[in-house]
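The values are calculated or read from the model by the stated rules, or taken from the named source; none is laboratory data. Remember, predicted model here, so these are calculated numbers, not experimental data. Every residue, glycine as well, gets a Cβ built from its backbone with ideal geometry; the counts of neighbours run over all protein chains shown. Surface areas here come from the heavy atoms of the whole protein model, side chains and all, with no ligands, DNA or RNA. Shrake-Rupley method; radii C 1.70, N 1.55, O 1.52, S 1.80 Å.
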Amino acid sequence: MSTAGRKFLTSINWPVVSSVLSKHAEITKSLGAFRKSYEVAEAELTQLKEANRPVDFEYYRRVLKNTEVVDRLEKIVKAQKITKVDLASQLETISAFETKAVASAELYVKETEANLADLSETVKNIEQTRPITQLTVDDVVKAKPEVVQRAEEMTKKGQYTVDGYDEKFPSLVMI
C-alpha cells in the first residue's frame, strides 16, 4: 500500500465512522472486517520489514571453524526469491465493497435529508400554532365541523354529559 494510502487509513476515526453508520449493521460489520484485515496486513508488513536484514556471512566464516555450513546457508539464502502476489482479486473485492458502501451511504444521506425535512416542517408547524388558551369555539368548529352535529344530537336526546367522561375525570364534588 502506498504511503498516502497508509496515512489515509491511519487518519480515519473509526469510532466516529462506526457511530455514524450504526443503523446500518451490514456496513459497520464490513468496515470492521476491513479494518481488522488492514491491521493484520500492516502488522505483517512491519514484521517483514524488520525481518528483511542481510546476513553477514563473512563474519560467520571468520567466527566458525566449519565454513562449509556457512557456504551452504549462503547458497540457500541466495536461492530464495521474493514472489510477487497478484493483488487484482483483492483490489476488485475492495472496489466492490467501496461501491456498495458508497451506494449505502448515499441512501442513508437521502433518508436522513428526508427525515430532517419532515422534522423541520414539524418544528415550523409547532412554532406557528396558537396556545390552547387562545382557541375559540369557532376555531374548534372550523377544524372539526362534526362537533356541532354531535352536540345538536346530544341536545335533542336530552343528553348533556359525554359518555365515559365521569370515568376518565371523576367528579370532585362531595355528596
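To the nearest 10 degrees, how steeply does helix 25-51 sit against the main Cα axis of the chain, on a 0 to 90 scale? For helix 25-51, the angle is close to 20 degrees.
For Cα extents along the principal axes in Å, the value computed from the atomic coordinates appears in the list [x] 48, 32, 27; [y] 83, 44, 28; [z] 123, 40, 26 under label [z]. Excluding ligands, DNA and RNA, the accessible surface per residue across the stretch 17-175 is 92 Å² with a 1.4 Å probe.
Which value in deg cm²/dmol, rounded to the nearest 500, describes the helix-derived mean residue ellipticity at 222 nm for the chain, given -39,500 (n - 2.57) per DSSP H run of n ≥ 4 and division by the residue count? Mind showing how you got there, number by number?
On the way: 9 runs with 126 residues, N = 175.
Dividing the helical sum by the residues of the chain leaves -23000 deg cm²/dmol.
Each Lys or Arg adds one and each Asp or Glu subtracts one; over the other residues with Cβ under 14 Å from the Cβ of Leu64, this totals -1.
With the simple spin-label model, which puts each label point 7 Å out from Cα in the Cβ direction, the Ala88 to Val17 separation comes to 2.7 nm.
Split the accessible area of the chain by element, probe 1.4 Å, and carbon with sulfur accounts for 60%.
Between the Cα long axis of helix 88-128 and the first principal axis of the chain there is an angle of about 20°, rounded to the nearest 10.
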